[in-house]
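One structure below.
The values are calculated or read from the model by the stated rules, or taken from the named source; none is laboratory data. All figures in this text were calculated on a predicted structure; none of them were measured in a lab. FYI the Cβ positions are ideal-geometry reconstructions off the backbone, even for glycines, and counts take in every protein chain you see.
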Amino acid sequence: MNKKAPLFHLSKRSMMPQSKAWAIRIASFFVAIIIGGLIFLFLGNNPFSAYFEILSGSLGKNVALRQTIKIAVPLLGTALAIAPCFKMKFWNIGAEGQITAGAIGATFFALTFAGKVPSIVLLILMGIGGALCGAIWAFFPALFKAKWGTNETLFTLMMNYIAIGLVKWLQGGPWEGKPGSQIIPTFHKDAILPKVFGIHCGWIIALLLVIFMFVYMKYSKHGYEIAVIGESQNTARYAGMNVAKITVRTMLLSGAICGLVGYMVVSGANKTLYAGVADNVGFTAITVAWLAQLNPFAMIAISFLLAILTKGAGSLQTAMAVPTSISDIITGIFLFCMLACEFFINYKIVFKGHSSKTEVKDKDGKAVAVK
Amino acid sequence: MMAFITSFIALLFSAIVNGAPLMFGTMGEILTEKSGNLNLGVEGMMYMGGAFGLAGAFYYEKAAGEGAIGVVAVLIAILCALIAGAFAALIYSFITISLRANQNVTGLALSIFGTGVGQFVGEYMRTTEGGYVALGNNLKEYFVNSPFPKVLQDIPYIGKIIFGQNIFVYIGIVVAVIMGVFIKKTRFGLNLRAVGESPATADAAGINVTRYKYLATIIGGGISAIGGMVYIMTIANGVWNHEGLAGEGWLAVALVIFCLWRPMNALWGSMLFGGLTILYLRVHLPIPDEIYKILPYIVTVLVLILISLRKKKENQPPESLGNAYFREDR
């Protein structure tokens with residue numbers, strides 16, 4: 001970029017006030033909307049009616065709103081699970097596999113004990129089974145990272161496909177319903193999460209998890225340890241923290257929550273298990289967590305936003321014959337814009353010879369005068 | 001014995017065919033990772049390469065009609081895929097290199113975006129072209145058949161393996177050799193490795209870190225995307241279907257580790273993985289097919305564990321892999 005004599009240089013900003021930082025984030029949100037609008041225009045659709053269709057298709061009716069929330073719940077839950085890992089700079093991109101493993105655990109109990117124990121016991125057993133399996137799935141990458149420094153990004157990534165492969169095997173093998181159908185039968189009614197306000201009660205669990213994660217990260221000793229390790233492992237060691245233990249413990253928690261999400265998806269939304277149970281939620285949730293700055297409350301807003309896009313794109317297809325994959329494109333653009341805007345929060349651009357003036361798209365010239 | 005040899009040759013042949021898309025995907029990502037950028041958007045870039053590569057060849061055939069020339073169609077498909085992948089990698093590069101955003105998250109965002117664009121282009125073609133997009137048989141031959149004369153292919157045993165592959169296998173071999181020499185033997189390659197291992201040191205030595213990272217990532221993205229096109233044109237038979245690439249890009253990310261970041265290893269590595277993905281069709285072991293299919297991933301995990309246990313210097317990932325570089329951060 002700076003080939004010749006540097007026309008400008010970058011320098012790190014010291015803390016920008018939160019309000020200003022969020023203003024920049026919101027501005028980038030609007031930039032994304034404009035770019036998305038240009039794409040609609042390019043495709044020959046009126047961007048305003050397209051956006052209106054997305055909003056009305058996802059929020060307009062009660063039924064639609066419920067479906068939107070149903071999409072948002074696993075996203076939110078998984079983003080919460082990922083948050084402590086990312087805070088620790090442990091790049092767990094295996095949520096997809098941990099959700100799937102959790103779903104397997106929950107399904108095991110649903111298929112084995114349905115009708116034999118009371119519904120409430122069964123549901124609790126399924127939840128425990130889900131959390132346990134999710135935690136196991138997270139345990140191995142964490143252990144190897146903690147003991148031998150094995151690259152966790154790639155390890156967790158591989159675990160995803162192993163879990164999905166296992167489900168494919170279960171689907172066509174031991175848990176197959178009708179022989180040859182490759183489908184696991186729909187759960188017994190005892191194994192299905194009850195509905196509250198027309199949506200499976202997973203949303204309540206997710207909201208409780210928001211509060212739990214907020215307190216855990218902000219006010220607990222564990223949360224403090226995670227934050228210190230994220231800043232510097234050496235500092236943590238110097239302070240006498242057992243980094244390996246904390247890494248494994250945090251990943252177990254993360255995996256367990258992912259497992260719970262898997263449980264909610266099979267028991268609440270799908271009422272059965274199939275290979276696509278995680279449906280890329282594990283990956284999308286990473287972006288949710290990151291864009292929310294790992295703030296649990298901000299995750300609610302962002303997961304809801306992405307759910308609106310996904311659900312809205314569905315009705316966009318019926319109304320305007322735009323393929324549903326448009327939602328992935330627009331989601332991608334949103335993510336790009338919001339990732340890019342962090343730059344303007346963390347860095348400032350100082351031009352050669354204009355040291356008193358900065359070019360920052362989001363109009364904040366004041367901070368530079370100090371330099 | 002004869003039967004065994006014949007079926008072994010058949011297995012080897014289809015291993016190579018199935019490995020070819022992986023070979024490109026892997027080589028592109030190796031180049032990218034050598035510069036210290038972990039681009040997890042391979043799946044997305046390959047989707048875009050697949051969709052745009054097919055679109056290029058398809059619309060060329062439509063425009064040229066009877067006079068369509070096979071070689072031109074192949075070149076157009078390669079070019080379209082390359083440009084699509086390079087463009088996607090450019091987005092990634094700008095956000096991670098210039099704007100220094102987190103590489104993992106940006107890569108995942110690119111995966112979402114790229115699969116979206118790929119599916120969209122595929123769907124769009126399908127709806128506008130009356131429900132079905134496929135290349136004509138005349139042109140398809142140039143994509144799936146060997147470029148060598150029949151005489152060579154008929155040599156017993158080795159003929160089909162050596163001369164019977166589709167053109168992309170040979171292109172891939174050439175690219176791997178060039179890339180291997182480039183990374184290992186040239187000054188630019190040395191610089192690139194320096195950038196990937198320690199950008200601060202490279203910077204101090206006067207190497208333009210930003211330029212190297214950009215070029216490696218963009219060219220790498222283009223090469224990966226060609227893999228997507230090869231998949232659609234050869235394995236998926238030149239038809240766009242809902243399945244898309246079925247996780248091929250993620251397998252390529254795995255393969256990069258398996259190959260220990262060396263392009264020449266990608267040659268046999270992709271063949272092995274290509275073989276593993278179809279092995280269940282040919283060799284019957286007393287384990288279920290679906291368990292068979294996760295073998296490549298299990299093998300990758302084992303390799304990953306092994307290299308971290310042995311701590312051999314030359315087998316490690318590039319030191320700065322996944323980290324943004326900011327000069328004033330020292």
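Note on the stretch B:98-166: enclosed helices (runs of 4 or more DSSP H) holding 1 or more residues that are at pLDDT 80 or above, more than 25 Å from residue B:245 (Cβ to Cβ) and out of contact with any Cys (no Cβ under 8 Å at 6 or more places or on another chain) are B:158-163. When residue B:265 is tested against (1) touching a helix residue (DSSP H, G or I) at 6+ places or on another chain (Cβ under 7 Å); (2) surrounded by 17 or more Cβ atoms within 10 Å (Cβ to Cβ), just one condition goes unmet, and that condition is (1). Does any residue in the stretch A:265-281 that is touching a residue at least 40 places away in the same chain (Cβ under 8 Å) come within less than 6 Å, Cβ to Cβ, of a residue that is surrounded by fewer than 18 Cβ atoms within 10 Å (Cβ to Cβ) six or more places away or on a different chain, and which pairs are these? Listed by first residue and then by second, the contacts come to A:271/A:186; A:272/A:186. Condition test on residue B:61, is it within 14 Å of chain A (Cβ to nearest Cβ), charged (D, E, K, R) and in a helix (DSSP H, G or I)? When the stated conditions are applied, residue B:61 does not pass them.
Applying the condition of being in contact (Cβ under 8 Å) with a residue 24 or more places away in the chain and in contact with a Gly (Cβ under 8 Å, 6 or more places away or on another chain) to the stretch B:182-215 and asking which residue is surrounded by the most Cβ atoms within 10 Å (Cβ to Cβ) yields B:195. A count restricted to the stretch B:279-292 and to residues that are in contact with a helix residue (DSSP H, G or I) (Cβ under 6 Å, 6 or more places away or on another chain) and not hydroxyl-bearing (Ser, Thr, Tyr) stands at 5.
For the stretch A:101-113, the count of residues that are within 24 Å of the chain's Cα centre (by Cα) and within 14 Å of chain B (Cβ to nearest Cβ) is nonzero.
Taking the listed residues A:41, A:75, the one that is farther than 30 Å from residue A:159 by Cβ and either in a helix (DSSP H, G or I) or in contact with a Phe, Trp or Tyr (Cβ under 6 Å, 6 or more places away or on another chain) (or both) is A:41, with no other qualifying. Hey, among the residues in the stretch B:282-307 that are touching a residue at least 40 places away in the same chain (Cβ under 8 Å) and of a type in the set (A, V, I, L, M, F, W, C), which one's surrounded by the fewest Cβ atoms within 10 Å (Cβ to Cβ)? Among those residues, the one meeting the criterion is B:283. Among residues of the stretch A:289-303 that are at positive phi, those with a Cβ under 7 angstrom from a residue that is of a type outside the set (D, E, K, R), sequence gap 6+ or separate chain, pair up as A:294/A:83; A:294/A:86. For the stretch B:23-58, what are the residues that are assigned to a helix (DSSP H, G or I) and small (Gly, Ala, Ser)? B:25, B:28, B:44, B:49, B:50, B:51, B:53, B:55, B:56, B:57 - these are the residues of the stretch B:23-58 that are assigned to a helix (DSSP H, G or I) and small (Gly, Ala, Ser). Against the definition (at pLDDT 80 or above, part of a helix (DSSP H, G or I) and either over 19 Å from residue B:15 (Cα atoms) or among the polar types (S, T, N, Q) (or both)), how does residue B:170 come out, yes or no? In short, no.
Of the helices (runs of 4 or more DSSP H) that lie entirely inside the stretch A:159-274, those containing 1 or more residues that are among the polar types (S, T, N, Q) and exposed (fewer than 14 other Cβ atoms within 10 Å of the Cβ) span A:233-238. For residue B:32, the stated conditions hold: it is of a type in the set (Val, Ile, Thr), buried (at least 24 other Cβ atoms within 10 Å of the Cβ) and either within 11 Å of chain A (Cβ to nearest Cβ) or within 30 Å of residue B:275 (Cβ to Cβ) (or both). Scanning the stretch B:123-160 for residues that are of a type in the set (S, T, N, Q) and within 14 Å of chain A (Cβ to nearest Cβ) turns up B:127, B:128.
A Cβ distance below 6 Å, combined with a sequence gap of six or more or placement on separate chains, defines the contacts here; from the stretch A:187-201, residues that are closer than 16 Å to residue A:125 by Cβ reach residues that are of a type in the set (Lys, Arg) in the pairs A:187/A:271; A:192/A:271. Among the residues making up the stretch B:309-321, a single one is surrounded by fewer than 20 Cβ atoms within 10 Å (Cβ to Cβ) and facing chain A (nearest Cβ under 7 Å): B:309. Could you tell me which of the residues B:95, B:91, B:83 is touching a helix residue (DSSP H, G or I) at 6+ places or on another chain (Cβ under 9 Å), crowded, with 24+ Cβ neighbours inside 10 Å and either modelled with pLDDT of 90 or more or assigned to a helix (DSSP H, G or I) (or both)? The match here is B:95.
Close contacts from the stretch B:94-122, counting a first residue that is under 15 Å from residue A:306 (Cα atoms) and within 7 Å of chain A (Cβ to nearest Cβ) and a second that is crowded, with 24+ Cβ neighbours inside 10 Å and charged (D, E, K, R), with Cβ to Cβ under 6 Å and a gap of 6+ residues or different chains, come to B:112/A:328; B:116/A:328. For the stretch A:278-321, a residue qualifies if it is of a type outside the set (Asp, Glu), under 15 Å from the mean Cα position of the chain (by Cα) and outside any helix (DSSP H, G or I), and the qualifying residues are A:278, A:280, A:292, A:293, A:294, A:295.
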